[in-house]
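Quick notes on the structure that follows.
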Amino acid sequence: MFHFSGFNMMFPEGRNFHPNYKCFSVSMLPGNERTDVEKGGKIIMPPSALDTLTRLNVEYPMLFKLTNGKKSRSSHAGVLEFVADEGKCYLPHWMMENLLLGEGDILNIESVSLPVATFSKFQPHSTDFLDITNPKAVLENALRNFACLTKGDVIAIKYNKKVYELCVLETKPGNAVSIIECDMNVEFEAPVGYKDHSETQASGSGQQGAAGTVGGEVVGANNAILEEVVETFKGSGVRLDGKKKKESQLETPVVKKVLARGVPDYDFQFGLIRFDRNIRPISDRGQEDDAVAGNADGSDAESFHGTGFSMKKSRK
């Protein structure tokens, strides 16, 4: 409601902005390539939409609810520019995938007002996201191109020439929030396919225990565990000159035997030290060597019984 020259002017109630447009991806936008649109969560609308919105009592910033009636999918977005052709709107590719839209499908756009975000939780779709040194700073910089977030959406951010997809697991105080000029707490869930190091060790120890139970006789006999390591590559090589390889050059998978750690002493008693007496002392081994080297009468044994030859041929 506005006060102008003593009169109260109010827009009539029930006038909402909810037109239908043919949607296209940003790559279909005429002119130069617009990579800035793909990096964020804003759309491009026709100039007539701006003319209509200025006549209505629309709250700023302008936020819209995007609905695909055929697939019953919805999301939220802001607006970047009003330069699209009449009857058309242009969306980022990741947003069209969320809404299950194809090129030229009908999209309903409705002007809405969303609460300011206070909390959000994301889950990366790849473990490659863990390679980023400071993921919160990267996400904060990427969200500057977004106007709002919707629970269940999969957003795409670009960092170091690589695109990372993140699923919005939770938003507060609602399922759709505005992130313009807000103080929002961010949390990350473990990426899809990520396994904790402790869980990996636990599963590995369980597999080793099962293998030890099956092959108990081998472990008891040799007092050690043999682990088979097979080469992962089982293909064949090809010569660059196109000729066939010789039989001596044919490669076969090699099975390597790796001696693992010995079996622990399960009968060990705390406070008891046991010494291995199977190894002969050095002094005893020295005496035996002297006895073998000497004769019965104490003289040195003849170590070499062969004959010598000269490399120089004698002249006759």
Matching residues in segment 114-153 (under 23 Å from the mean Cα position of the chain (by Cα) and open to solvent by 30 Å² or more (accessible area, probe 1.4 Å)) number 17
Sort out which residues of segment 157-188 are surrounded by 16 or more Cβ atoms within 10 Å (Cβ to Cβ) and either in contact with a His (Cβ under 8 Å, 6 or more places away or on another chain) or among the aromatic types (F, W, Y) (or both), and write them in order of number. Y164, E165, L166, C167, A176, F188
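The values are calculated or read from the model by the stated rules, or taken from the named source; none is laboratory data. The shown structure was predicted, so the numbers you read here are calculated from the model rather than taken from an experiment. As a convention, Cβ positions derive from the backbone with ideal geometry for all residues, glycine included, and neighbour counts pool all protein chains shown. Protein only, heavy atoms only, side chains kept; ligands, DNA and RNA dropped before computing areas. Shrake-Rupley method; radii C 1.70, N 1.55, O 1.52, S 1.80 Å.
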